[in-house]
Amino acid sequence: MARLTLLTYPDPRLKQVAEPVSQFDAQLQLLVADLEETMRASPGGVGIAATQVGHLQRVVIVDVSSKPKISHHGRLILINPEILDWEGFEIGREGCMSVPDYTGNVVRATHLQLVAQDEQGKEHKYTMEGYEARAVQHELDHLDGILFIDRLVSRRRDLFQRKSYKKTNSS
Ligand SMILES: [Zn+2]
C-alpha cells in the first residue's frame, strides 16, 4: 500500500467527471487500499474519492465511525455509487482534504437511499442519514467534479478560513 498525493484546489483534475469502474481486478483492490491509507493519514479524514488522487474512476470510501453518537455503516467502499432517492434538507459544516484551508456551510439531503458495488462488483443498497449521508454526498460530488465550495449559497457568509486543520472533519 502507498499513501497517494492529494490534489488540492484549484487543480483542474478536481473538476473532471470520473468514469464508471468496469474491471473489478487487482488494480482496483490496490487503488482502494491506497485510497484508504491516504484517507486515514489525514487528520479527521472521514471520506475520500479517487478523483482526489487523480484517478478518474467512480470509487469512494466513507467511514464516519470516528464521530460519536451518529448512525453509520462503518467502513463503506462505494464503487459506481448512485443516489436512488433522497429526502429533507439540512445545512452543515464541511471540510475537504482537497480544500485544506477552508470549511463551508453546505445544504445537503438528510436521508439517502444509495446503491453501489463493492470491490468484488457485488451490488449493495444502503439507507443512510445525517452526517454519513452528508459525507457520501460530498464524495459523490467529487466524482462529478464538484467541490463543496461550488455549493455555497454565499462565499461571504458560508466560507470560513481554517485556524487548525484538525478541528473539522474532512472528506
Ligand atoms: Zn472532499
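Suppose we filter segment 87-111 for residues that are crowded, with 23+ Cβ neighbours inside 10 Å and free of Cβ contacts under 8 Å to residues at least 40 places away in the same chain; how many remain?
Of the residues in that region, 1 qualify.
Got a number for residues in segment 88-140 being part of a strand (DSSP E or B) and of a type in the set (D, E, K, R)?
Looking only at that region, the number is 8.
Which residue pairs have Cβ atoms under 9 Å apart, sit 6 or more places apart or on different chains, and have a first residue in segment 16-27 that is closer than 28 Å to Asp150 by Cβ and a second that is basic (Lys, Arg)?
Once the first residue is closer than 28 Å to Asp150 by Cβ and sits in segment 16-27, its partners that are basic (Lys, Arg) give Ala18/Arg58; Glu19/Arg58; Pro20/Arg58; Val21/Arg58.
What number of residues within segment 10-39 satisfy the criterion of being of a type in the set (D, E, K, R) and in contact with a strand residue (DSSP E or B) (Cβ under 9 Å, 6 or more places away or on another chain)? Can you show your working first?
Residues of segment 10-39 of a type in the set (D, E, K, R): 11, 13, 15, 19, 25, 34, 36-37.
Right, trim to in contact with a strand residue (DSSP E or B) (Cβ under 9 Å, 6 or more places away or on another chain) and you get 19, 36.
Adding up the residues that qualify gives 2.
Do the conditions hold for Ala2, that is, is it among the small types (Gly, Ala, Ser), part of a helix (DSSP H, G or I) and over 17 Å from Glu94 (Cα atoms)?
No: the conditions fail for Ala2.
Does any residue of segment 101-112 turn out to be over 18 Å from Ile146 (Cβ atoms), in contact with a helix residue (DSSP H, G or I) (Cβ under 9 Å, 6 or more places away or on another chain) and away from the ligand (no atom under 15 Å from the Cβ)?
yes
Pick from segment 73-86 the residues that are part of a strand (DSSP E or B) and among the charged types (D, E, K, R): which of them is surrounded by the fewest Cβ atoms within 10 Å (Cβ to Cβ)?
Among residues in segment 73-86 that are part of a strand (DSSP E or B) and among the charged types (D, E, K, R), the one surrounded by the fewest Cβ atoms within 10 Å (Cβ to Cβ) is Asp85.
Of all residues in segment 131-149 being acidic (Asp, Glu) and within 11 Å of the ligand (Cβ to nearest atom), which is nearest to the chain's Cα centre (by Cα)?
It comes out as Glu139.
From the set of residues in segment 65-98 that are polar (S, T, N, Q) and modelled with pLDDT under 95, which is nearest to the chain's Cα centre (by Cα)?
Among them, the one singled out is Ser66.
Quickly run through segment 116-128 and pick out the residues that are within 15 Å of the chain's Cα centre (by Cα) and closer than 11 Å to His73 by Cα.
So in segment 116-128, the residues within 15 Å of the chain's Cα centre (by Cα) come out as 116, 128.
Listed by number, the list holds a single entry, Met128.
Hey, among the residues in segment 39-64 that are among the polar types (S, T, N, Q) and within 12 Å of the ligand (Cβ to nearest atom), which one's farthest from the chain's Cα centre (by Cα)?
Top of the filtered list is Ser42.
If I ask for residues that are touching a Ser or Thr at 6+ places or on another chain (Cβ under 7 Å) and either of a type in the set (A, V, I, L, M) or surrounded by fewer than 20 Cβ atoms within 10 Å (Cβ to Cβ) (or both), which ones from segment 63-72 would you list? First the steps, then the outcome.
Looking only at segment 63-72, we keep the residues that are touching a Ser or Thr at 6+ places or on another chain (Cβ under 7 Å), and these are 72.
Listed by number, the list is empty, since nothing qualifies.
The values are calculated or read from the model by the stated rules, or taken from the named source; none is laboratory data. What you see is a predicted model; the values in this text were computed from it and never measured. Neighbour counts are summed over all protein chains in view; Cβ atoms, including those assigned to glycine, are modelled from backbone coordinates with ideal geometry.
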